[in-house]
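What follows draws every value from the coordinates through simple rules; no lab data is involved. All values reported here derive from a predicted model rather than from experimental measurement. Positions of Cβ are backbone-derived with ideal geometry, glycine not excepted, and every protein chain shown enters the neighbour counts.
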Amino acid sequence: MSLDTTDYISIASAQTLYGLFRERHRKTPNSTAYSHFCADTQQWQTTTWSDAAQQIAIWQHALKSEGLRSGDRVALNLKNCQEWVFFDQAALSLGLITVPLYPDDRPDSLAFILQDADVRCLFLQNQHQWQRLKPSLSDEHQLKRVIIKTTGENTLDAPAVYMNEWLRTDTNPALIDWQADPHQLATIIYTSGTTGKPKGVMLSHYNILSVASASLECFQVRSDDLFLSFLPLSHTLERTAGYYLPMMTGARVAFSRGIPQLANDIQELKPSVLIAVPRIFERIYQRIQSSLSSQPWYKRLLLKLTSHIGWTSFLHAQRRHRWSPCFLFMPVLEKIVAKNIQALFGGQLRIAVTGGAAIPHHVAEFFIGMGINLLQGYGLTETSPVISVNRTSENEPFSVGQPIPSVEVKIGDNSELLVKSPGNMLGYWNNHKATANTIDAEGWLHTGDQARIAESGHIFITGRIKDILVLSNGEKVSPVDMEMAITRDELFEQALVVGEGKPFLSALVVLNAEQWLQLAQRLKLDAMNKNSLTDKSLQQHIIQRFRGLLHDFPAYAKIRRVHLTLSPWTIENGMLTPTLKIKRAKLVEANQQLIDEFYQN
C-alpha cells in the first residue's frame, strides 16, 4: 500500500523517539495533537503540538533538576493521558530509560520491577497508589523522587511531591536539543509474567520506530485520522501503534476516560482508527446478542441475515467466494441493520486493529459482516511488538496476517514460529540466560507460539508450546483453544482446562453472575446458596453444555469434571496478569487440592 508522505516523518528524519516529537512539532506546530476530557468543565479539550512542546520543556527542566544521569531508569504508572506523553518525551530527551507500569498491577509486582530496574524516579496517578505501594518496597529500592499527578488534601512526605508543586510552570524554558544513537536503549517493558517473575524487555529507539514505520506500509493512516487511546500505554501495542505511530503521520489522539466510559467516548469522539484487544469486541458482541432476546423474531432474523450476507460479500471481495444474487439485498440491509452496528463504533471507523490474543471466529465474522474493517495482528513485547497484521485487501480474519515489511518468519522445531525483525529486542534486562533462551545464535527470536504459514504468507497460530496438555494416553490438546470455545457462551466468564498426564480433562469455570441467576431459576436452584454450584443436575447440565461448545474438538478432548464459582480471577487476587491473561501455573497451584479430587474416583 502506498504511504501518504505529506505529513509523514521517516525514521531517518526522526532518528530517536524524542527526535520524532521534535520533527512533528517542527512540521505541524499548530495542528491538534491530543484531546482529553476535562472533569472541571465537563468538555473535551485539545492540545496542539506547540502546546505539547511547551509542556515537555517544563518537564525536561524539572527532571533535570533531580540530578538524574543519562541511562538512569524512571518509571510511570498512570492512566492514559497527555502527561504520560510529556513525562516519556522529557525523560527520553535526557537519555533516561522509561519503565512503564500497568496501572492495575499489584503492589508486590510493581515493587519487584522498581527494584529490578533500579528505578530512581516514579510518576504516579494519585496518593492512594503511593500508599498501597510503600509497604511493598524494600529498604534496597533506589527511589529518590515520587511525583503524584492528582493533588490531594494530605501533605506528602519525601520523596513524594505533587506534580503541580514540582513543575515550574511560571517559567517558559526552551526545548532541550538531544542527539543520540538510534540503537540506544530507550525503554524497559516488563512482560506480564504468566509463569513467574516478569522479565524486563529492552527496546531501543530504532526497534520501536522501525515497527511503527513498517506498520504504516500495511494500512493507510492519515493526518486527519483520530485514534481513541484506551488500552494502557504500558501495553506495547498501544504505545507503538497508538502513540508513536500517530505521531509519525500527524494524526490526533484522544485519551478515553476509561473502560466504563468507553462506549460514550466512542459515540462522542467518533474515532476513525481503533486499536483494541478481542475482549472489547466480544463484550460489544455479547451486549448485542443479549439485547436481541427481547426483540421481535423478524429483527433477530434481519440481523442474522445481514451478518451472513455481509460476511459472504466480504469473502467475495477477497476473491474467496463466488458472486451471489443475495448480494443485491446488501445496500438495503446496510441501511436498516449494519449502519446501526457501525454506529456503536461512532460511525466513522475506517480501521479497527485487534491484537494481544486471538479473536473468536464468530465475533470476527459478525463485525466484518456488518462492514467493520477489522484487521487481526500479532506480536510480542519482545518484537516491539508487531510481527504481522492483515491488510484490508488481503484480510484472512482467522489468521494473524502477513509479516510486516522487513520482518522474516519461519517455522522451527515443534512447529514454533521464529522471527527476525528490526524490532527484535536488545535482550532481557539483567537476564542473559533468558535472552539466550529466546534469541538463538543466528538471531532468530523464538516466540513460543506454534504456527503454520500459508502459501499466501498468512500466519496461523495453532497453539502455545508450553500450554499444550498431554493426556495419559499421549493425546495432546490446546487448553487455550478449548477455553476460548467455552467462554463463547455468555454463561461462562472465565475458564481453565486442566488434565496434564491425566486420563481425561477437567475445568475450573467462573460463571457470569447475571446468567447464573437465570439458569438457577430454570433448574429450580437457590442462586444465593453456594452449595447449589455443586448440585448434580447443574453439573450434568454444564457438562452437556460443554459438549455442544466443544463439538469441533477431537473425541478425547472432552471435559468430564467441572468446578463452578462466582468469584472471578482478577489482577488483584493474583490470578490475572495486567494484560488480563490467566496465570495458569498460579491458578493450578491455588486449586491443586480441588484438581486432585477430580481424579480420585
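Details
- Extension reserve of the Arg222-Ala585 stretch, reckoned as 0.36 nm per residue once the Cα distance is removed: 126.3 nm
- Computed E for Asp526/Ser138 - FRET, C-beta separation, R0 41 angstrom, nearest 0.05: 0.30
- Taking region 557-581 and a reference point 7 angstrom along Cα→Cβ of Glu597, the backbone N atoms nearer than 19 Å belong to 560-569.
- Other residues with beta-carbon under 14 Å from the beta-carbon of Asp72 carry, at +1 per Lys or Arg and -1 per Asp or Glu, a net charge of +4.
- Spin-label pair Ser567-Glu442: with each label point 7 Å from Cα along the Cα-Cβ axis, the two points sit 4.9 nm from one another.
- Geometric extent, Cα atoms of region 348-387 - Rg, Dmax (angstrom): 11.5, 34
- Share antiparallel - DSSP beta bridges, the chain, percent rounded to 5: 50 percent
- Angle between the chain longest axis and helix 205-215 axis [Cα atoms, degrees, rounded to 10]: 50 degrees
- At 0.692 mPa s and 37 °C, Stokes diffusion of region 468-598 via Kirkwood alpha-carbon radius, µm² per second: 215 µm²/s
- Measuring r between the beta carbons of Lys339 and His541 and using R0 = 45 Å, the FRET efficiency lands at 0.70.
- 5 angstrom amide H check on Ile387, placed H, neighbours 5+ away: Tyr378, Gly379, Leu380
- Rounded to whole numbers, the Karplus 3J(HN,Hα) couplings from phi for region 438-450 are 9, 10, 7, 5, 8, x, 7, 8, 8, 6, x, 9, 8 Hz, using 6.51 cos²θ - 1.76 cosθ + 1.60 with θ = phi - 60°, and x at Gly and Pro.
- Given their separation in residues at 0.36 nm each and the Cα-Cα distance between them, Glu514 and Ala454 gain 17.4 nm when the chain is fully extended.
- Fully extended contour minus Cα-Cα distance, from Arg279 to Glu408, at 0.36 nm per residue: 43.6 nm
- For region 107-120, 3J(HN,Hα) per residue [Karplus equation, 6.51 cos²θ - 1.76 cosθ + 1.60, θ = phi - 60°, Hz, x = Gly/Pro]: x, 5, 5, 4, 4, 4, 5, 4, 6, 4, 8, 6, 6, 9
- Helix content alone sets the calculated 222 nm mean residue ellipticity of the chain: runs of n ≥ 4 DSSP H residues at -39500 (n - 2.57) each, divided across all residues, give -9500 deg cm²/dmol.
- Total formal charge among the other residues, if their Cβ is under 15 angstrom from that of Asp440, Lys/Arg +1 and Asp/Glu -1: -2
- Karplus-based coupling profile of region 31-43, in residue order and whole Hz: 6, 6, 9, 9, 10, 9, 8, 8, 5, 5, 8, 6, 9, with θ = phi - 60° in 6.51 cos²θ - 1.76 cosθ + 1.60 and x standing for Gly or Pro.
- Links that overshoot a 19 Å alpha carbon limit, given the list Lys304/Lys339; Lys410/Lys581; Lys502/Lys558; Lys466/Lys581; Lys199/Lys586; Lys524/Lys558: Lys410/Lys581; Lys524/Lys558
- Binned Cα-Cα distance frequencies in the chain - 10 Å width, integer %: 3, 15, 25, 27, 19, 9, 2, 0
- Calculated FRET value between Arg391 and Thr534, using beta carbons and R₀ = 45 Å, to 0.05: 0.35
- Model label sites at Trp323 and Arg300, defined 7 Å from Cα along the beta-carbon direction, differ in position by 3.5 nm.
- Close amide H contacts of Phe123 (hydrogens built in the peptide plane, cut-off under 5 Å, sequence separation of 5 or more or a different chain): Ala75, Leu76, Asn77, Ile147.
- Dipole in debye (nearest 20) - the chain, about Cα centre, beta carbon charges: Lys, Arg +1; Asp, Glu -1: 1360 debye
- Approximate spin-label separation Thr46-Lys270, in nm, with each point projected 7 Å along Cα-to-Cβ: 1.4 nm
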